Structures are given as C-alpha cells and as structure tokens.
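Read-outs throughout are calculated quantities, based only on the coordinates presented, and are distinct from any laboratory measurement. These figures come from a predicted structure and were not determined experimentally. Cβ: placed from backbone, ideal geometry, glycine included. Neighbour counts: every protein chain shown.
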Amino acid sequence: MKPMSENKNTSVLKKALGIVGLMTVFAFAMVPLYNVFCEITGINGKVIVSESLYQQVEVDKSRTITVELITNINRGMPWEFKTTVNKLEVHPGELNEVMFFARNFSKQTITGQAVPSVAPGQASFYLNKTECFCFDQQTLKPGESIDMPMRFYIDPDLPEHVHTVTMSYVLFNATSKESESVAAN
Amino acid sequence: MAHDHHPTGIKRWLFTTNHKDIGTMYLWFSFIMFLIGGLLALGIRLELFQPGLQFWDPNFFNSLTTLHGLIMVFGAVMPAFVGLANWLVPMQIGAPDMALPRMNNFSFWILPFAFTLLLLSLVPQLFPDGPPNFGWTFYAPLSTKYGPASTDFFIFGVHLMGISSIMGAINVIVTVINMRAPGMTLMKMPMFVWTWLITAFLLIMVMPVLAGAVTMMLTDRHFGTSFFDAAGGGDPVMFQHIFWFFGHPEVYIMILPAFGIASHIIPTFSRKPLFGYASMVYATASIAFLSFIVWAHHMFTVGMPVAGELYFMIATMIIAVPTGVKIFNWVATMWKGSITFETPMLFALAFVVLFTLGGVSGVMLAMTPVDKQYHDTYFVVAHFHYVLFPGAIFGTIAAVYYWLPKWTGNMYNEFWGKIHFWWSIIAVNITFFPMHFSGLAGMQRRVPDYNMMFEGFNQLSSIGAFMLGFGQLIFLWILIDCIKGGKGKATDRVWEGAEGLEFTHLPSPAPYHSFEKAPEVK
Amino acid sequence: MSLLKRVMSGLVLFVSLFMGSLWAAEPEYSTLNLRPGVTDNSQAVFDLHMEVVWIMFAVAGLVFAAILYAVIRYRKSNNPTPATFSHSTTMEIIWTVIPMLILIYLTKPAISLLLDMEDTSKSDMTVQVTGIQWKWRYKYLDEDIEFVSSLSTPASEYEDYDRTGTEKNPNYLLEVDNELVLPIGKKIRFLITADDVIHSWWVPDFAVKMDAIPGFINETWTKINEPGVYRGVCAELCGRLHGFMPIVVRAVTQEEYDQWIEQKLAEKAEAERLAAEAAAKSWSMDDLMALGKEVYDAKCALCHQPNGEGLGAFPALKGSKVATVDSVDDHARMVIFGLNAMPKFGQELTDAELAAVVTYERNAWGNDTGETLQPGRVAELKAGN
C-alpha cells in the first residue's frame, strides 16, 4: 500500500475507534443517566434515597390520603420483617411516624438492606422521608431484633387524582460474600 | 505486489489477509453455526411436538432456546453478513482488497474461539449446572445472581464476538470511505455497500454497549458491584434498557444488509434499474437512526410511566414508513420489467413477501395496549422469525446463489436450487405461520410444555421445522457441487441483467486480488 | 391419536384460517385468535386488535396483489422489453404519506385505551401479587389473608420421559392448589412484585400483563364483568419451571366473595388450632416419615429431585452436610427461613409439615441419622428460640 492511503486509513480507523470508545463510555454512563431519568419520570417508583428535612408546611386537612405499607423479604433472607400498621390515613403536609420490626432468625450475623419502592411511581416525588431505615443497612446478630421508625410527610402538591400511595420495602440480604463464607466455615 | 503467491493448505487459511479467503471462511463458519443452531432448534421442536415432557429437563430446554438464539444471531447471521461484505465490498467499489487486511484475518479467527467458549458450556463434566439458561436476552437477575457457572464463559464469548464484529465493521467503514474507485461518489455506491456502511456504523455504536452490559454482569457476579441488583441500589430493569439499547439496532444489523441484497437481485432479474435509489438510501439511514430511539418497545410490561409508553409506541410505528418505502420501491422495480425467476430472484421475492408479513405483525406489536397481550407470547416468536428467517437468512441464501458463479466461476445446479427454494418456502411457513395463532390464543414463549389446546399448531411447527432443517442439506450439496464444477463455466456477466463492477469489470471467477488498477466509474 | 391424525387435524385448522373463518374452532377459547376476555379493557384491546388485523391484512393484501400482478404480467415471456424508468417523485410521496395517515389513524384509539389501562386510581380493593420461583403469593391488603398458589398437577402427569404418553386433563398446566378469588364489578388494584427473579403476571381474559420485578412494585388493575374461572401463566422466563407456574382466578359475586373471605378466615383459625394440637402431640418417626415424603415430593423434589441427589445448580441432600452433619435445628431453620439460594417455606407449610419434611430429609436415601423433629420445636424455632 502507498503510505498516503495508510495515513488515510489510520485516520478513519482512529475516528471509528473513537466512536467505539465513546459508546463504551456511554454504556457505563447509562447507569447514572438511568437513575436521573428514573427520578425525573418515576420509573419503578424508584425513590430518591436521601434524607429530607421536614419543612413546616400547611397541613391540608381537607384531603385524606391512604398510605399502604408493604413489606417483602427477598429470597434467602432468613429474617422476619414487618410493619406494625399496614394502612394509615394521612393528611398532606403532616409528619407521620410508622414503626417497622426486623429480626434475624438465623445462626449467622446478617446485614440487611431495605429497598424502597412507591406506587404510583409519580407519587415518589411528593413523598418526603425525614427518617428511614432504608437510608442505611442493618446488621443483626443471631436472634437479635430491632424496631425501626420511619418518618415521612406527603407534599401537599400531590396531584389531585392520587388517593392511595403504596410504600413498599423489600429486605435484601446485603451480607458481603466474604463474610458469608467466613460465617459458613 | 506479489501475484497469486500465497501459501497453500492450512497456512493459507490461518494467515490469509485476502478478502476473498476471509469472506469464504466467514461464510463457511456461519453455515456451520447455522447447522448447529438449527440442531438446537430441532431439539426445541422435538420437545414441543407433544404436550408433556418427553425429552429434556426444563432447565436444559431453557439452555436450548438460549444457545439457539445466541448462535443464530451472533454465529450465523452476523458472520454471514460480514462474509458477504468481505467478498463483495472491495469488488463492488473497485478496490483490490479490504483496507485493513491483517485486522480482517484477526477478526475472523477470534470467532471460533468465542463460540468454542460458548459451546463448551454444553459439556456436563465441565459445567454440572448446565449451559446458559436465561434466554438470549439474558435478563438480570436470572443471569447474574441466578445464572449457572457457565455464564462467565458466555460473558467472555460475547466479549470476543463483540470485538470481532467491531473490527469487521471498522474494516468495512475504512474500506468504503477510502478505497472507492475514482468517480464512485457516495450516491453512486451499490445498495449493498450502502446498507453495509450503515450497518457498520450501527455495529460500532452498539457492540460497545453490549460489551458494557456483559461487563456489568460480570462485575455484579464476581466483584461485588450491584448494577442490576436492587439490594445495592441497582435496578434489574436498567439491564433491560441497556440490553435493548443494543438489541434494537442489533435487529436492524441483521436485516439491513439483506435489504441491500434484495436491491441488487430484484433489478437484475427485472432487467430494469432499481426504483428510487436515493429514497432507498435515505430510508435505510432513517431506519438506522430510528433504531436508536425505540428500544423500550421491547419492554412495554415492565411498568414504564404512561408518557414513556406513548412515546415508544409512536416512535416505533414511524419505522413502518421508511420500511414501507423500501418494499414499495422493490415492487415498483419489478413493475413493467422483464422478469425471470432464477433461484436468487425466487429467494429475493420470498424475502419481500414474507418480510412484509413480519413487518405488519411488527406494526401490531408496536401498539402498546395490544402489545400487553402479545408480549412474550409465540406471536412475538412468529414475528421475529418471519423477519429473521425469510428476511436475514433468505437474503443471505439469495446472495450466495446470486454471486456464487462470480465467486467460483461455475454455475450452480438451477434445478436443485429451485427445489431448495420451494422446499424452504413451504417449510418456513409451516414452521412459523402457526406460531401466530398459538401466540394469540395465549401460549407464552420459552416453555417446554404447553396446554392441550395448542397441540395442533405446535405439531405443525415441529414438522415444518424438521423439513426446514433437513432441507438445508440440499443447499449444502448444491454449494459443494458448484465449487467442484457445477453446471459448467459461468460467463463474466453471469446474469443477463447484472450490473455493478463485479459483473461488468471482473472475470468469473473473480481474481485473487480484485482490482489491481482501479476502474473508472462514470 | 396417531401421528397421521394429529398432522391432519393440524392441517385442517391451518386451512380453515385461509377460508376466512378466524373463529372456526372455538371449543372454549379460540385456538386462532386473541380472546375478547371479560373486562371492558380486554374487550377494547380485542376490538383494537381486530381493527389492526384487518388494516394490516388490507395493506399486506395490496402489496401481495401488486407483486402477484407484476410477476404474471411482467414476466419475460409476457413483457420482453423492460421499461427504463427508475423513479417517480409523485409515487414516492404517495407511499410515504398514506402509511403515515394509517398510522395516525391507529394511534388515536391506542392512546386513549392505554391511558385508561394505566389509571389505577379509585380502586375498591388491593391484592398484592408476588412472583416466586415457581409459584405466586397473593395477599389481600384489605383482609388478613395471604396464601401461596402453585401448580397442583403432579409432575408425574407431565413428565413423560419414557414416552409412553400420560393421561392429561386439558388444563393440566393451568390448575393450582389455591385459586385467587376476586369479586366481580369491583375495581381491583394489583401490586406486583417478586422475591427472586423477574416474573410476569398475565391473565389473558383481563388483558393484564405486568412484570414482577424483585425490589420494586408495579401497579395495574382490572374490573371483571362476568363470574367464572380465568387462567393465566407467568410470561417472563424465570428459570427451570417457568412454564409451570400458572394463575387461576375465580371471579365470583360480591356475596360469594364475602362468604369466601369468612370461610378463609375460619380455615385459618382452624389451621392454627390444628397446628397447636399437632405441636402439643409427639409424633412417631413413621408418621413423620410418611407425611414428610408427601411434602417432599410436592414441594422439594422439583429442585432437589425425588432421589435427593439434586440437579445442576440444586444441591444434593443425600449425604449432604446440612441433612446429616448440621444440627436438626440448623437444618430446620434453613427450610423455615431460607438462606441464600434456598427459599423459605415457613409460611407455606404448617409446623407439622415442616417437622415431617426435615425428619424425612434426615432419614431418607440412606441419610439415616435417626433424628426426628417435632412440630412443637418448629413452633419454637419460628418464634426465634
């Protein structure tokens, strides 16, 4: 080949490899992008897992919202996990507290992570938690139990057509692989 | 430059940098994979012949569907198109060879290793928990937390075939951009080159995304990340978004070159120029562009916000417009032509007709509210097999018949070619048409057993599948016969109405180095 | 049926379509077409589907007619001299615009139907549906009722590996032990999630298909118009027994539903009483082994296999550490609460069943530890002692 065309080839090759590189970066950038996208659109009722401060907002006594609380335990998580109330009626703007209870039934120390989800997804923007066990992981020794409070208020701007908000918490086994195998030995 | 001084025997194939040798290897490799993938499909159809479990454990059945999908997509269709590109692109643009011949060799020789990794998972002594069993779409967490040990081999296999496809695509891009004969402007390029150039851009844009997805799977499985695990703040639905961001353009990667092939064969046998060349190019480009913004129509049941569902529905339906333009243009090409029906033309016609069927069921699937009934049923299976078998595979077969005399210098056996065609078209419809019905009536995908009410259609499909599978042995025989001499020497033009540099400027068989001196294109 | 007969009957079905009789074979459901279902939405989906089908038939028909005309009229013997035209702007504009108009026409009803299907507000009751490999758990959020529903057909009815043919009932893959009972005429909201992998809850008669995703909840709804039994399946590949996790919904009138709730609550109280009784009593090894085998074959053998030797990813129990070396309590905890890949069975099985199955696993297939577990101990373990 003539050097001329070698150069031309190298330059196109470099550009093409540039696209490949960019798209590889893009593939991984989809992870944070997706999370932003979820927070904007409320896909999966994925909740912004961060603490919010209770702002003294006007309590809207004229509206009553039914809040349902659901707990689930993921496969292979030998804990009990439940709420003390399954359902409560709240007014937008008021601060509410509900209690959750967890207990480790196994013979190992296990770390749990509760994953929150809200239905309808749209409601997740208007749900503010000032305290939640889902912000951190919980580690329980064999037989140990824990009461966990969760405080939240619903933004009075919650769209008119929403009458019921369901909060779901799924407890996952977050014990890392290494400590698991240590425990097994 | 050395002329025809190339090693012989195994060394010729191992070290070759010749586009024709590499193209031949790609095509044979793809044919072998096609037969292996077909055998797996026959395993599926065998189990589905009757209600009840007669042959496989359900877990192995899932492995059969998984490997069938992966091998057909990555092992049969994609390498077949790369093989055709290798053979045809340099000849069609008036170049001596591909631009990056050593990379060309490397990109082929990766493939056998990639598929060895994948097929090793079938050896129970190595993988007691069996081959990958999560479908070719490998949704998390079934493929991550719950995947068998062989998943890691699958991941490396996908990485390798991804690298191979990217190298193949880059080679096409560099060749087409730099090595066109003087006078061949972009808008004078043959349609096959155009569709492949666009496919190549799709490939280099989405294969890295697939590589990213499987890398995330790997780190989720072994390095404690949780991209797709809700426990660590990840989301299994995100896997589907990333996968289909790759997956939808991938669908077009598997069909655009076949569009290009039809755009050569139909004008040749209609003895009339292609109708609406420019609109064909624009339609192909817009299909490729749209493929990037419609991915979530594969996921209408994951619980997207309604605005998202509406957007993806409308964007998807728009694809029907450029696709329709292509089909109407092919019909208009035949209009007032002087048509003969040699085997390549028969396959190309079947391609247009049956691809149209796959297209209209595609419009139905795009409509979100009804897709909630169609989703993950045999209706979807019928749809994509209509697009892939009579689309991608018939397209490839048509291309092989069309260019085989140019490649070998010999005419293939037309009589057996026609038998192959009629056998295949009858079998393909017996196999896949009934799937529309069982899907609508409620049979879900990827199940080893089904209810009594689906028995009749499943039996038909199974009978059709065995006919279709064994019918391809006719093709194998025709190929071998043609290479050995076939029905005598082919002329340089081969077909009365053939156009393009490979027919008008090169002898049959085409010389080892295509154009030593670039031809002048007016 | 002989093979020939089967082929023939298949061919007859196939041909009947081409004779234009889309609804030709309709025993209970059409084997050819979508079902209209029993809700307003499923009917609307069906109507939209039929509309699209006919439009698409027309479009494809036109294309095929043009191709057919071309291949006959313009074959070389009929038209030896080809024309030379290669484009026509007018024609190209026409066949770009007309498909667009058809699509716009189709989009309108689709949008309004979709908005309706996604509107879960103002529901009368809520049922939580959880997909588990390979069964469904239903929880009535307004009542204190929760149960697991799985395929009731024994494996021996569908496993036919010696290929002698087994006697099957027409719905053998669509029968469950515990049906989901729902009232008609009420807007029922479903909250759908999963405990392990992704499943998809699909009842064709309601036109409801929603993915069950571990960690997240999805919402959908239905309002059933007619009482009856409606069957569905898991629609997303979820592992080995994906094809064997059916859904059965029994829709009843409000009064019957109220009665059912009462009965279910009474059953629950009765079960608790029986459990207490069973816990108080000391069971003999033989009784435990007999019940244990029954429970094992129904619940455990699907993964660990009837011979206890496991299969692929599912570990063997025969001679295993858990079933022979570990203490009875640890073994029982694993069955009751699950651990890592092992799902929990504490809710699904009674104390007596749990005690029996653990005893069985420790003494069957030559494990012969001679140890028994009493239901009373299971109750204590469940309480965390």
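The table that follows gives values for the structure above.
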item	result
Among C:Val378, C:Ala83, C:Gln254 the positive-end extreme of the charge dipole of chain C (Cβ point charges)	C:Ala83
Sorted peptide list for B:499-508, C:34-43, criterion being average Cβ within 10 angstrom, highest first	C:34-43, B:499-508
Cβ neighbours within 10 Å from other chains - mean over A:121-128	1
Alpha-carbon Debye profile of chain C, log10 I(q)/I(0) at 0.07 Å⁻¹	-0.49
Chain B: relative contact order in percent, alpha carbon pairs under 8 Å with at least 6 residues between	18
Cα→Cβ-extended label distance, 7 Å offset, between C:Ser112 and B:Trp136, nm	4.0
Segment C:54-135: translational diffusion in µm²/s, Stokes-Einstein, Kirkwood Rh over Cα pairs, 4 °C, 1.567 mPa s	70
Kirkwood Rh and Cα Rg combined as Rg over Rh, evaluated for segment B:457-496	1.29
Segment B:201-255 - Rg and Dmax from Cα coordinates, angstrom	12.4, 39
Under the Karplus curve 6.51 cos²θ - 1.76 cosθ + 1.60, θ = phi - 60°, whole-Hz ³J(HN,Hα) for segment B:138-148, x wherever Gly or Pro sits	5, 5, 6, x, 4, 8, 9, 5, 10, x, x
Percent of C-alpha pairs per 10 Å bin, segment C:50-96, short to long	21, 34, 34, 10, 1
Where only C-alpha atoms are counted, convex hull volume of segment C:243-385 per residue in Å³	131
Nearest-20 debye value, the protein assembly as shown charge dipole, Cβ charges on Lys, Arg, Asp, Glu	5320
Label point at A:Tyr54 placed 7 Å out along Cα→Cβ; residues across segment A:90-120 whose backbone nitrogen lies under 13 Å	A:91, A:93-98
Two-site label geometry, C:Ile94 and A:Lys87: point separation in nm, points 7 Å out along Cα→Cβ	6.2
Residues C:Asp368 and C:Ala316, FRET efficiency given R0 of 22 Å [Cβ-Cβ distance, rounded to 0.05]	0.90
Along principal axes, Cα extents of the protein assembly as shown, largest first, whole Å	95, 65, 64
Sequence-distant residues sharing a close amide H with A:Ile73 (under 5 Å, placed H)	A:Leu171
Whole-number D in µm² s⁻¹ for segment B:159-309, Kirkwood Cα-pair radius fed into Stokes-Einstein, 25 °C, 0.890 mPa s	140
Cα-based radius of gyration of segment B:107-176 once divided by 2.2 N^0.38 Å, which approximates compact folds	1.30
Interchain or long-range residues, amide H under 5 Å from A:Lys87's placed H	A:Leu69
Distance between modelled label sites at C:Leu265 and B:Ser286, nm, 7 Å Cα→Cβ extension	6.3
Extreme residue, positive dipole direction of chain B, given options B:Phe312, B:Ala398, B:His264 (C-beta unit charges)	B:His264
Where the Cα pairs of chain B fall when distances are cut into 20 Å bins, in %	22, 58, 19, 0
Residue-averaged [θ]222 nm for the protein assembly as shown, counting only DSSP H segments that reach four residues, each worth -39500 (n - 2.57)	-16500 deg cm²/dmol
With eigenvalues of the C-alpha gyration tensor scaled by 5 and rooted, segment B:409-522, Å	44, 17, 12
Phi-based couplings in Hz for segment C:111-116 (Karplus 6.51, -1.76, 1.60; Gly and Pro marked x)	5, 5, 5, 5, 4, 5
Dipole axis of the protein assembly as shown (+1 Lys, Arg; -1 Asp, Glu on Cβ), positive-most option in C:Val328, C:Leu302, B:Val174	B:Val174
Kirkwood Rh (inverse of mean 1/r, distinct Cα pairs), segment B:221-361, angstrom	17.3
Cα-based helix-to-principal-axis angle, C:285-295 vs chain C, degrees rounded to 10	10
Volume of the Cα convex hull of segment A:58-165, divided per residue and given in Å³	89
Linear extension gain, C:Phe64 paired with C:Phe85, 0.36 nm per residue minus alpha-carbon span	5.4 nm
Semi-axes of the equivalent ellipsoid for segment B:295-426, Cα gyration tensor, largest first, Å	36, 16, 12
Acute angle (nearest 10 degrees) that the helix B:78-93 long axis makes with the longest principal axis of chain B, alpha-carbon atoms	20
For segment C:197-261, diffusion coefficient by Stokes-Einstein and Kirkwood Rh (Cα), 37 °C, 0.692 mPa s, µm²/s	249
Built amide H within the under 5 Å cut-off of B:Met98, gap 5+	B:His19
Phi to ³J(HN,Hα) by Karplus 6.51 cos²θ - 1.76 cosθ + 1.60 over segment B:149-164, Hz, x for Gly, Pro	4, 5, 4, 5, 5, 4, 4, 5, x, 5, 4, 5, 5, x, 4, 4
Per-bin percent of Cα-Cα distances, segment B:357-475 [5 Å]	2, 11, 18, 20, 16, 13, 9, 6, 4, 2, 0
Helix C:351-363 axis, angle to chain C major axis (alpha carbon atoms, nearest 10°)	80
Top of C:Met125, C:Met342, C:Met91 by mean-square fluctuation, Gaussian network on chain C, Cα under 10 Å	C:Met91
DSSP beta bridge pairing in the protein assembly as shown, given as percent antiparallel to the nearest 5	75
Estimated FRET transfer efficiency when R0 is 56 angstrom, pair B:Met467-A:Glu160 (beta carbons, to 0.05)	0.40
